[in-house]
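Asker: After the structure tokens below, expect a handful of questions from me.
Taken together, the values in this text are just the output of simple stated rules run on the coordinates, not laboratory data. Computed from a predicted structure; not experimentally measured. For neighbour counting, all protein chains shown are included, and Cβ atoms are generated from backbone atoms with ideal geometry for every residue, glycine included.
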Amino acid sequence: MQRVFADPGSPWATPRYAEAAAGVARLLPAFGGRVVFTRFVAPARPAGVWRAYYARWPFALQPPDAELWRLTPEFAGLGAPVLDAETFGKWSPELAARLAPGSRLVLAGVSTECCVLATALAAADAGTEVVVVADACAGVDDEAQAEALHVLDLYRPLVRVTTVGELLGEGGA
């Protein structure tokens, strides 16, 4: 939930960011101290195919403390842990260590067809139950959002797509 995706003037603006942010905000109380935010940040020196990626998006080659990588104001002051990654997928040993054995990973954020999808599939491959909250996510456009959610739902029972209301109505997060 970073400024680079919220800012309408950003090359990576996510048009429905505000709707996803509202969904994330609705989820937060149910998860309390278990909330972890992740941030995509650029590497100091891109390697491999990432060099071509950043040749296409040179504006993004900024240090991790740059304004564009910060969480948006509604999430920045919450005190939740923030994990950085230089990859689209945020599933890492650090994130995995924050889950209790046998628990599920509930994902929300942007962009669905990129970071959410990459994180969900890596976590599912690692044997973690993944729940993607569709209305707390946003894609680069409505078509990409719908397609990404469809692909994610094909991974049932490893990955399940739900809504904020359905998740909160399950009797506990």
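Asker: Highest mean first, what order results for 153-164, 107-118, 17-28 on Cβ atoms within 10 Å?
Answerer: Highest to lowest by the protection proxy: 107-118, 17-28, 153-164.
Asker: At 7 Å along the Cα-to-beta-carbon direction for both Ala146 and Gln62, put a label point, then send me their distance in nm to one decimal.
Answerer: It is 3.3 nm.
Asker: Ok, one more. Evaluate the relative contact order of the chain (contact order divided by residue number), counting alpha-carbon pairs under 8 angstrom at least 6 apart; express in whole percent.
Answerer: Over the chain, the number comes to 26 percent.
Asker: Run the simple label-point estimate for Asp153 and Arg104 please: 7 Å along Cα→C-beta, distance reported in nm.
Answerer: If labels sit at Asp153 and Arg104, their model points lie 1.6 nm apart.
Asker: Can I ask one more? Rounded, prolate or oblate: which fits region 30-102 when a ≥ b ≥ c are the square roots of the eigenvalues of the alpha-carbon gyration tensor, with rounded for a/c under 1.5 and prolate only if a/b beats b/c?
Answerer: Because a/c hits 1.5 or more and a/b fails to exceed b/c, region 30-102 counts as oblate.
Asker: Where the centre of each part is set by its Cα atoms, how far does region 65-92 sit from region 97-146, in angstrom?
Answerer: With region 65-92 and region 97-146 each reduced to a Cα centre, they are spaced 15 Å.
Asker: Amide H neighbours of Thr38 under 5 Å, at least 5 residues apart or on other chains, H built in the peptide plane: list them.
Answerer: When sequence neighbours closer than 5 places are left aside, the close amide H contacts are Leu83.
Asker: Something else: Rounded, prolate or oblate: which fits region 3-168 when a ≥ b ≥ c are the square roots of the eigenvalues of the alpha-carbon gyration tensor, with rounded for a/c under 1.5 and prolate only if a/b beats b/c?
Answerer: Rounded, because the longest to shortest axis ratio a/c is under 1.5.
Asker: Would you mind computing, in nm to one decimal, how far apart the modelled labels at Val82 and Glu166 are, each placed 7 Å from Cα along Cα→Cβ?
Answerer: Label at Val82, label at Glu166, 3.2 nm between them.
Asker: What FRET efficiency comes out for the pair Val49/Ala97, r = Cβ-Cβ distance, R0 = 30 Å, nearest 0.05?
Answerer: Numbers: r = 28 Å, r/R0 = 0.95.
Once the sixth-power term is evaluated, E becomes 0.60.
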